[in-house]
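Quick notes on the structure that follows.
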Amino acid sequence: MQKGYRTKAKDEIMSYILSNKHRRVSASEIYEHIKNSGKHTNLTTVYRNLDKLTEAGVILKIKNSSDDYSVYQLLDPDGGCDEHLHIQCRGCGHVYHLEGEAMDRINACLLEECGYSIICSDSFLLGYCSSCRKDKDLPEKH
């Protein structure tokens, strides 16, 4: 293999991640998209490129602690994702960045009531957005 050899897999992966920047995506979802678009790659190549993009700080890899399943999300190019929590909808997968005054209140409450300060890297909350709650007829609070 020549030193300058390069496949289009990384470009296809980044294109898919950019078009889905407001939600987390799985490697198998990316692979299926590439395959269904008529391009050829394999799942190992997708994982290898996702690992390289994670190491480069382009995307965030989030592992589910219960089954070791990973999903990926585009990181804000200006940084700052280590300074706030993320909330992901279990219905549609949309990710909301919890920043500003809300984050300040959470930090103050946890410090005052529990004595904890939050490390936000790789941390997120799960719930249902208003649209998915309405679709699933879920109450406002559980």
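The values are calculated or read from the model by the stated rules, or taken from the named source; none is laboratory data. The structure displayed is predicted, hence computed values, not measured ones. Cβ sites come from the backbone with ideal geometry, for glycine too, and all protein chains shown count toward neighbours. Only protein heavy atoms, including side chains, enter the accessible area calculation; ligands, DNA and RNA are left aside. Shrake-Rupley method; radii C 1.70, N 1.55, O 1.52, S 1.80 Å.
Couple of notes before you dig in:
- Residue list for segment 31-56, restricted to those being assigned to a loop (DSSP other than H, G, I, E, B), over 14 Å from residue 11 (Cα atoms) and not hydrophobic (A, V, I, L, M, F, W, C): 38, 42
- Check on residue 35, over 23 Å from residue 85 (Cα atoms), charged (D, E, K, R) and open to solvent by 70 Å² or more (accessible area, probe 1.4 Å): yes
- Taking the criterion of being open to solvent by less than 60 Å² (accessible area, probe 1.4 Å) and either outside any helix (DSSP H, G or I) or of a type in the set (Ser, Thr, Tyr) (or both), the residues of segment 116-132 that qualify are 118, 120, 121, 123, 127, 129.
- Extreme residue, farthest from residue 23 (Cα to Cα), among residues of segment 87-114 that are part of a loop (DSSP other than H, G, I, E, B) and open to solvent by less than 60 Å² (accessible area, probe 1.4 Å): 91
- Hits in segment 60-86 (condition: surrounded by 12 or more Cβ atoms within 10 Å (Cβ to Cβ), at pLDDT below 80 and more than 23 Å from residue 16 (Cα to Cα)): 82, 83
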